[in-house]
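The values are calculated or read from the model by the stated rules, or taken from the named source; none is laboratory data. Fair warning: this is a prediction, and the values are worked out from it, not measured in the lab. Backbone-built Cβ (ideal geometry, glycine too); neighbour counts: all protein chains shown. For the accessible areas, the whole protein counts, side chains as well, though only heavy atoms, and no ligand, DNA or RNA atoms are used. Shrake-Rupley method; radii C 1.70, N 1.55, O 1.52, S 1.80 Å.
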Amino acid sequence: VIVSSIALSITLSNNLFVPLVVNAELLQRTGTPALPRRLIGIRRLSIAVIILLAFAYYRIIGETYSLVSIGLLSFLAVAQFAPALVGGLYWRLGNKKGALWGLILGFLTWAFTLPLPTLVEAGVLQGTFMEQGLFGIAFLRPYSLLGMDGMSQFSHAAFWSLGLNTLVYV
């Protein structure tokens with residue numbers, strides 16, 4: 001838990017927070033002796049937030065789902081980066097806009113087909129969309145998207161989220 005939290009906080013700070021802080025420092029045109037202390041503070045705060053969010057999610061979902069199910073859910077979230085990564089390595093016509101929109105649609109589909117139903121089944125959220133579909137449209141049920149039945153919830157989510165992600169990227 002500690003190693004993964006530190007790795008995730010470093011990733012978040014390097015790719016999300018550092019550009020924001022550096023741009024804010026450049027806009028203010030002040031000296032940057034406080035920058036290293038700010039970055040360490042940001043990393044420490046992000047470690048604490050990550051651990052607290054993970055613990056809260058475990059407390060909410062832990063009794064309903066096994067650790068394996070939560071791991072599969074997380075693995076499928078990380079798998080959303082695969083189409084853009086493989087496309088960026090091997091396909092010369094791929095571009096940033098396609099990768100970004102593919103990731104956005106893939107993550108939204110993943111969130112609709114996996115984490116959102118787990119929160120409903122755990123009793124955190126109330127929703128009739130599990131049986132009736134989103135906005136009452138039967139084709140928009142999380143475990144039977146567009147009327148496709150017969151797969152496990154993880155297979156279904158992987159098919160739709162990665163499929164739409166790849167399609168939009170291409």
### Query
Across segment 50-71, what is the number of residues that are open to solvent by 60 Å² or more (accessible area, probe 1.4 Å) and modelled with pLDDT of 85 or more?
4
### Message
So Phe107 passes all but one of these: (1) modelled with pLDDT of 90 or more; (2) open to solvent by 60 Å² or more (accessible area, probe 1.4 Å); (3) over 13 Å from the mean Cα position of the chain (by Cα). Which condition number does it fail?
### Response
(3)
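Considering segment 31-49 alone, what residues qualify as being modelled with pLDDT under 70 and surrounded by 11 or more Cβ atoms within 10 Å (Cβ to Cβ)? Write out each step before concluding.
Taking segment 31-49 as the starting set, the residues that turn out to be modelled with pLDDT under 70 are 31-34.
Those that are modelled with pLDDT under 70 and surrounded by 11 or more Cβ atoms within 10 Å (Cβ to Cβ): Thr32, Ala34.
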### Within segment 51-170, helices (runs of 4 or more DSSP H) holding 1 or more residues that are over 26 Å from Ser5 (Cβ atoms)
82-90, 96-113, 115-121, 129-132, 153-169
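Results for (1) hydrophobic (A, V, I, L, M, F, W, C); (2) surrounded by 15 or more Cβ atoms within 10 Å (Cβ to Cβ); (3) within 18 Å of Phe75 (Cα to Cα), shown as yes or no for each residue.
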{"residue": "Gly123", "(1), (2), (3)": "no, no, no"}
{"residue": "Gln126", "(1), (2), (3)": "no, no, no"}
{"residue": "Phe129", "(1), (2), (3)": "yes, yes, no"}
{"residue": "Gln132", "(1), (2), (3)": "no, no, no"}
{"residue": "Gly136", "(1), (2), (3)": "no, no, no"}
{"residue": "Ser144", "(1), (2), (3)": "no, yes, no"}
{"residue": "Gln153", "(1), (2), (3)": "no, yes, yes"}
{"residue": "Ala158", "(1), (2), (3)": "yes, yes, yes"}
{"residue": "Ser161", "(1), (2), (3)": "no, yes, yes"}
